[in-house]
Every structure is written in structure tokens, then in C-alpha cells.
């Protein structure tokens with residue numbers, strides 16, 4: 001992460017799903033509509049670099065900022081998976097943002113996901 005980790009403060013920044021991944025498919029199908037209505041920020045403490053075994057899943061950025069891909073990283077590990085998350089769920093969940101709940105549910109459901 002480094003001493004100056006990345007962040008995206010524009011809660012309406014354009015989202016791009018970078019790869020097909022089980023975290024986007026079950027139990028909820030996640031799409032761009034799930035990133036509308038977020039409040040205050042997208043996230044912070046995003047990785048700048050990571051081991052090639054990790055897959056960056058999402059990209060967004062503030063205006064004038066380079067694309068940021070280190071907010072949600074996924075790696076298979078043994079019989080399970082490891083997920084690094086820097087998205088601002090601590091802001092979205094108390095506000096009842098539906099897409100944040102859907103994505104969060106998918107992440108915590110990964111151990112039961114038939115595709116993982």
C-alpha cells in the first residue's frame with residue numbers, strides 16, 4: 001500500500017468492472033447500477049502495486065487522476081480465496097446503499113459460492 005495509498009473521493013465516479021469474477025455473480029449479479037447512489041466517497045487505502053497472483057476487479061478514478069484499480073483485489077489461496085477491499089462500505093452500509101449491500105453480501109458469501 002505504501003505511505004500514501006490511493007483513494008477516490010468522487011462518489012459518482014465512473015466504474016469499470018475489469019474482469020469476470022465470482023464476486024460479481026453470486027448470490028447477486030453485480031453491474032454498474034450497483035455503484036449508483038454511493039455517498040461521500042468510493043474508497044481509500046487502495047493498493048498501488050500487488051503480487052501478480054491477485055486480480056484487480058474494479059477501476060475508477062477522480063477527475064484528473066490516473067485509473068485506480070487497487071480497491072478490490074482477488075486471489076485464490078489453497079481451497080479458498082483472499083479479498084482485499086478498500087471500498088467505503090463503512091459509509092455506504094449505514095446509508096442503506098443497495099448496491100453496496102449486494103456487493104458486500106457477495107464478498108462474504110464467497111466460501112459458499114459454487115463458482116469460486
For the chain, the fraction of alpha-carbon pairs in successive 10 Å shells from zero, as %: 14, 48, 33, 5, 0
Length-normalised contact order of the stretch 6-112 in % [C-alpha pairs under 8 Å, at least 6 apart]: 33 percent
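Kindly identify the stretch 13-62 as rounded, prolate or oblate by the Cα gyration tensor criterion: order the square roots of the eigenvalues as a ≥ b ≥ c, call it rounded if a/c is under 1.5, otherwise compare a/b with b/c, prolate if a/b is larger, else oblate.
On the way: a/c = 2.13, a/b = 1.08, b/c = 1.98.
It comes out oblate by the Cα gyration axes.
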Likely footprinting exposure, 91, 14, fewest C-beta neighbours within 10 Å first: 14, 91
Segment residue 63-residue 44, length gained on full extension (0.36 nm per residue, minus Cα span): 5.3 nm
Point-to-point label distance, residue 89-residue 20, nm (Cα→Cβ direction, 7 Å offset): 2.5 nm
Label point 7 Å beyond Cα of residue 112 along Cβ direction - residues of the stretch 23-63 with amide nitrogen under 19 Å: 23-30
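Values in this text are rule-based calculations from the coordinates and carry no lab data. Bear in mind the structure is a predicted one, so any value in this text is a computation, not a measurement. Glycine gets a Cβ as well: all are built from the backbone with ideal geometry, and neighbour counts include every protein chain shown.
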